[in-house]
Structures are given as C-alpha cells and as structure tokens.
Amino acid sequence: MMKLQLALDRLTWNECLHLVQETEEFIDLIEVGTGVIKEYGMSIVRELRKLYPDKKIVADMKTCDAGKHEALQAFGAGADITTVMAFSSDLTIKDTLQVAGQTGKQVMIDLLEVSSRERMEQLHELGVDLVSLHVGKDKQQKGVFNTELFSLVKGFNFQVTVAGGINLNTLPEIIKEKPDTVIVGSAITKSENPHETAAMMKEIMNL
C-alpha cells in the first residue's frame, strides 16, 4: 500500500501540531522538515513522538557530515527515519546506516540534484535501501516533480519516496510509477482545508 508522508516545513510549532491533528487519519508518516528542526531542534521531534506513538516519524536532518552523531540525535529523539544527502561521503553514509542497523531504524538518502546512475550504483553497494527522489523548493520555480526522475532508480531494489511540489493535479501521474511513499508539503499545509486535501490525496493513491 502506497504511503502518504506529510512534510512539515517553514511552519511554527503550533502550526505543525495543528496540521498533524487535522490530517492524522490519512497520513502514514510525519516528516519534521529541515527548517522546523533548525528552529526547534529535537524538542519538536520528541513532542510528536509522544503525541503520535503509532505514526512513523521522519527527521529531515539532511545530514552531510557527522553522520553517526546526527543519526543518534534523530533516533534518540524518537525519529524512525533520518535523512542523509546522497552527495555526502561514503563514510558518512556508512556511519548512519550502521547506527540505523544497531537501533532498528532507517536512513533515507536524499537524491537532491543527483543525476548519476554511477552514484546510484555506489549507494546500492553501500547498503542503502531507501531513497528520496527530490525536487528542491528553489528548483520548483522551474517546475514541479517530473516523472522522468524515476529513471534514476530503475533497476535498483530501493524503497522509493518522491517529493517536490506534489499536488492534487500532479499526483495521478506520479502514482503510475508506483513509488512506495509520496511526500506532500505545501499542497496540504497551505490548503484551506488540510483534512479534505489529505483525504483526497489518500483516495487517489488507493485507486
């Protein structure tokens, strides 16, 4: 079953809590975005863990160095998944994967700006099993998520998440590619009715 991940970013603490409360019926994972983590640290991850013990929580740390330390930070605060940038050194990625293995957690490798199949081979050899095809916020000015990105992960046995300006209009094309998880931020968080938008997205994903 395809999962829906709510990305909480560029929001206040109270807005984050309100949005999760509004959408919890339809979301499978709660992502604490990088901007929110930079504003509130691990405290908001702990709070969400306490409030939603049955939801998977993603700490979007975007780690690119000090992998072991940052993975321990995220997992210690209650996150189930932490993110690491694909351009990080192999040692950084290995360290985070090792911590995840020891704690029963997961590492999501963020493929932001990665276009090399060679790098995908390297990530596979390192033992990566979860990746995120990601169009960054700034680049979304040139257009939202393009399904051509899926060619980067074809042939690899990765769990695949997709992120980047996904909305009700673009979702139907994206789900044809059968990603494991669809990450949605602004389309829900800036919606006049987040509950209804999340419900509609989940319905489309379950068709």
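The values are calculated or read from the model by the stated rules, or taken from the named source; none is laboratory data. Just so it is clear, the structure is predicted and the values come from calculations on it, not from any experiment. For neighbour counting, all protein chains shown are included, and Cβ atoms are generated from backbone atoms with ideal geometry for every residue, glycine included. Ligands, DNA and RNA are stripped out before the accessible areas are found, and what is left, the full protein with its side chains, is counted by its heavy atoms. Shrake-Rupley method; radii C 1.70, N 1.55, O 1.52, S 1.80 Å.
Whether any residue in segment 80-88 is at pLDDT below 95 and either open to solvent by 60 Å² or more (accessible area, probe 1.4 Å) or more than 21 Å from E196 (Cβ to Cβ) (or both) is what I want to check.
Scanning segment 80-88 turns up no residue that is at pLDDT below 95 and either open to solvent by 60 Å² or more (accessible area, probe 1.4 Å) or more than 21 Å from E196 (Cβ to Cβ) (or both).
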With the condition kept exactly as written, say whether any residue in segment 121-128 is of a type in the set (V, I, T), open to solvent by less than 70 Å² (accessible area, probe 1.4 Å) and closer than 21 Å to K3 by Cα. yes
Restricting to segment 174-186, count the residues that are open to solvent by less than 30 Å² (accessible area, probe 1.4 Å) and in contact with a Ser or Thr (Cβ under 9 Å, 6 or more places away or on another chain). 6
Could you count how many residues in segment 176-207 are under 22 Å from V58 (Cα atoms), over 16 Å from the mean Cα position of the chain (by Cα) and among the β-branched types (V, I, T)? 1
Is there a residue being within 29 Å of E24 (Cα to Cα) and among the small types (G, A, S) anywhere in segment 121-137? yes
